[in-house]
1. Pairs under 7 Å by beta carbon, first residue under 16 Å from ALA33 (Cα atoms) in region 57-85, partner in a helix (DSSP H, G or I) and charged (D, E, K, R), six or more apart or different chains?
2. Give region 11-56 a look and list any residue that's surrounded by fewer than 15 Cβ atoms within 10 Å (Cβ to Cβ), of a type in the set (A, V, I, L, M, F, W, C) and either over 23 Å from PRO96 (Cα atoms) or touching a residue at least 60 places away in the same chain (Cβ under 8 Å) (or both), or say none.
3. Looking at region 74-103, which of its residues are basic (Lys, Arg), under 25 Å from ALA121 (Cα atoms) and surrounded by fewer than 19 Cβ atoms within 10 Å (Cβ to Cβ)?
4. Which of the residues spanning region 86-98 are charged (D, E, K, R) and either in contact (Cβ under 8 Å) with a residue 40 or more places away in the chain or closer than 16 Å to VAL37 by Cα (or both)?
5. So which residues in region 102-145 are in a helix (DSSP H, G or I), in contact with a Leu (Cβ under 7 Å, 6 or more places away or on another chain) and modelled with pLDDT of 80 or more, if there are any at all?
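The values are calculated or read from the model by the stated rules, or taken from the named source; none is laboratory data. The structure displayed is predicted, hence computed values, not measured ones. Positions of Cβ are backbone-derived with ideal geometry, glycine not excepted, and every protein chain shown enters the neighbour counts.
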Amino acid sequence: MSPIWSDVVGPKGGNMLTLRIQKLGDATVIRCAGRMVIPYAEVLRNAVLRQLRIRTLVLDLADVTAVDAAGLGTLASLRAWAKETRTALKLMNVTPKVEKLLELTNLKSAFEVCSGREMLALLCRAINETESLGFKTIVQDTNRIDEALGDGSRVIAGEALRTV
């Protein structure tokens, strides 16, 4: 069994940045939680650069509590990386605080925001691809995860198992 998600945490400390990385076919969703600030912001960039064969990268910012210049720099460098590698980079669940910061720094128009509909299409495409490759997706307790998100959106977390 191989996981379709993994957790990455930043340097030890109080309010660090935690990442949950979910591979959905040729797309990767990274759920960020915590502070995207020095010294943690670079963790996100390093985690993205370690991902292989990405056509679409979605950064879920619902649980980001703070962003400083290092966090903005990381987002800007990921945008440049995405353009260079022809990867679609989208932000999802942008909090009002982060949105305001992007507006103040004139970066809001530089990023595409992923809608719930786009995310659902991405999940469906990934499920169809894994099924066509002989994989079976297991969905685990999405109601519990829905409550954690608080916005009614669904997240599929689980494992891909090779069928025999």
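1. THR74/GLU42; THR74/ARG45
2. LEU49, LEU52
3. If we filter region 74-103 for residues that are basic (Lys, Arg), which is where we start, we get 79, 83, 86, 90, 97, 100.
From the residues that got through so far, the ones that are under 25 Å from ALA121 (Cα atoms) too are 79, 83, 86, 90.
Correct list: ARG79, LYS83, ARG86.
4. Within region 86-98, the subset charged (D, E, K, R) is 86, 90, 97.
Within region 86-98, LYS97 is the sole residue that qualifies.
5. Within region 102-145, the subset in a helix (DSSP H, G or I) is 102-104, 108-110, 116-132, 142-145.
Still in the list and also in contact with a Leu (Cβ under 7 Å, 6 or more places away or on another chain): 108, 122-123, 126.
Within region 102-145, just LYS108 meets the criteria.
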